[in-house]
Every structure is written in C-alpha cells, then in structure tokens.
Amino acid sequence: MSQLVTGEAVVLQVRIARMPTRALACAIDVIIQGIVLSGVIGLMFGFLFSGQSSEALAAALVTIVVLLVVVGYRLVMETLTRGRTVGKMILGLKVVRDDGSSIRFRHALVRTLMWFFVDFAPWFAASPGIVASLMNKQGKRIGDMVAGTVVIRERHQSMASPPLFVPAHLVAWAQSLELSQLPDELANTARDYLARFTELQPAARAALGETLAHRIAQLTAPAPPSPMIAPAFLSAVLAERRRRELIRLAVKRPATTGPFAPAVNQYAVPAGPFIPPSPYGVLPPAPVPTFAPPPPAHETTPATHNAQGWATPGSNQSGW
C-alpha cells in the first residue's frame, strides 16, 4: 500500500503497480501493436516492395507506420480511457496523476514520448525505464516522473455495497430533502467512501468524510434537525436518494414504444408503502347495472282456410 495526497490534502491509500505487473501489461500491449503493425505492413507489402516505389520512400513509409502504431496506440488509448491500455485493463492497472485524479492528453503524450525515446529506447538498451522503476519507491519510470503520474492497481477485493440507512427519528427530514442538485459523480464518491470506511486511516477518514459532507450539505436542503456525524449524514442522504431512484425505476412503462404506442401516463406512481392518497377522496361505488327482461316474442296469427282449402287473406301462410 502507498499514499497519494489529493488537492484537499487528504491522504488516500492505494496499491502501487510494481515492475513485474507493469512488464506483463507492457508485453500484452507490444503483442497487440505487433499484430496491428504486421497487418498494416502486409497490406502495404505489394506497394513497398514493387518497382513502383523507391527504397527511400519505402523506408519513410515504414518509419511513419511504426511511429503511428507504437506512439499513437498508447497516446489514444490512455487519453480516451483516462489512463488505461488493453494490457492495463486486463491486469487491472490504471495511470493516475500524483494527486489521484485522472490523466489528460498532455500526461499521456509526455508518458508515450518518454516511453519510446528514453525509457525503452533501443539506443539505450531499454534500460533507463527498468532501472528507474526498480529504484523508485512508487515504481515510477522516467516518463512517470516527468509527467507527474503513477500506475496503481484498481482491481481490489470486491467491495460490498455499504449499508445505507436513515435513523427512525430522521425519516421525515430525509423524505423532505431536495436532491435535484446532487450530481451522480459526487454521490458515487460518497458511496465509495462509505464502502472503504474501515480501510482508511482515522485522520484521512475524518478529513475526507467532513469534506464530502460539507459539499453535499451545500447542494441539499433542509439541514438535518439535529447534529450528525459525517458518515451518518452521507448514509442518510444516499439512502433517501436510492429510495427515490427505486421508486422511479418501478414506474410502469409502456410495453411498446414509437409513434403508434398507446398513450400511457408515464408519471403514474406505483403501488407500495409510499403511494400518496387519492386527491379525489373516496369515490362512490359504481352502480350495479340492471337488465330489463327481453320483450315477448312476436306472436303469429294462425292461418285460416276456407272451405276450398285456400288460405284466407291476412293469414301468415301464402297459398303458393
């Protein structure tokens, strides 16, 4: 374990990646770069080694392709992923700044250029980076020293979700909290702090808890009715935020979407312990429908016949 001091002078406990792990991640990246480089040069083989191009042009193109693959791969990956390459992702490593924050383009550029031209340059027998990493207590190579970065291990033992709860006498206060201004990033930071509460040193634990509680208190209202310690305040705010999120996710959505979907009230409140009372009060029961007896069937008049056997006019039988 090692310590990183944040901009708020808070000491964070992190695990520094050592030389063997970094070497394995580097080997994975080199294999990927070799595969990409072989594929690109293979596509250009017909043009490079035909009579259509000179040796100088072929050498220039190969040099440019090598630089783009070797330098561009690390620069693009570490910039887009904030300090990770494929090898680092596989082994759970990450490049961060000395204060624990994520790196940016300038840090990735300095690290990549120093990696190619100084740390593992063939004209230096690839020794400066190895020697510097073995001698530095944080495992930094020369590129890390110049860029102000360090490689840490992200893959720790899986942390259980912190037990978030609201004290019984503060339930009414928690339900009245205004949480619309609380960003997801700050809430996730507070959740990580509670999950690692027992791993932090007492001084760092108190300082970081007070800092997070102060920042969250400025974005929420009203203030708690009674004094609370920072972990309890953070736990209550996050518990109420999670409860509201679960209610929001439980809202029934229409099964079909699109312009022909049936109109459904998307703001309906699901049934549960937090369902509000009906604004219309108790509605009277619907009247029980009554059914009238069917009308009597039409009675037909019997046919009458005269002496000759013909049906008389007006009867229901025709004589034909």
If I ask for residues that are assigned to a helix (DSSP H, G or I), of a type in the set (Phe, Trp, Tyr) and open to solvent by 40 Å² or more (accessible area, probe 1.4 Å), which ones from segment 99-123 would you list?
PHE105, PHE116, PHE117, TRP123
Cβ pairs under 9 Å, 6+ apart or interchain, first in segment 15-32 and farther than 20 Å from ALA121 by Cβ and open to solvent by less than 30 Å² (accessible area, probe 1.4 Å), second in a helix (DSSP H, G or I) and among the aliphatic types (A, V, I, L, M), ordered by first then second residue, are ALA17/ALA25; ALA17/LEU91
Conditions (1) touching a strand residue (DSSP E or B) at 6+ places or on another chain (Cβ under 9 Å); (2) surrounded by 11 or more Cβ atoms within 10 Å (Cβ to Cβ); (3) at pLDDT 90 or above: number failed by PRO222
(2)
Out of curiosity, is THR149 surrounded by fewer than 19 Cβ atoms within 10 Å (Cβ to Cβ), of a type in the set (Val, Ile, Thr) and within 30 Å of GLY87 (Cβ to Cβ)?
no
Quick one: count up the residues across segment 202-216 that are within 25 Å of the chain's Cα centre (by Cα) and open to solvent by less than 50 Å² (accessible area, probe 1.4 Å).
6
Going through segment 128-145 in order, the residues found to be crowded, with 18+ Cβ neighbours inside 10 Å and at negative phi are GLY129, ALA132, SER133, GLN138, LYS140, ARG141, ILE142, GLY143, ASP144
May I ask you to list the residues in segment 138-149 that are more than 14 Å from PRO20 (Cα to Cα) and without any contact (Cβ under 8 Å) to a residue 24 or more places away in the chain?
MET145
Being surrounded by fewer than 18 Cβ atoms within 10 Å (Cβ to Cβ) and more than 14 Å from ILE229 (Cα to Cα) is the filter; apply it to segment 189-201 and report the residue that is modelled with the highest pLDDT.
THR189
Is there a residue in segment 44-54 that is surrounded by fewer than 16 Cβ atoms within 10 Å (Cβ to Cβ), part of a helix (DSSP H, G or I) and in contact (Cβ under 8 Å) with a residue 24 or more places away in the chain?
no
Output the residues belonging to segment 65-105 that are basic (Lys, Arg) and free of Cβ contacts under 8 Å to residues at least 24 places away in the same chain.
ARG82, ARG84
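The values are calculated or read from the model by the stated rules, or taken from the named source; none is laboratory data. Keep in mind it's a predicted model, so treat the numbers as computed, not measured. Neighbour counts are summed over all protein chains in view; Cβ atoms, including those assigned to glycine, are modelled from backbone coordinates with ideal geometry. Only protein heavy atoms, including side chains, enter the accessible area calculation; ligands, DNA and RNA are left aside. Shrake-Rupley method; radii C 1.70, N 1.55, O 1.52, S 1.80 Å.
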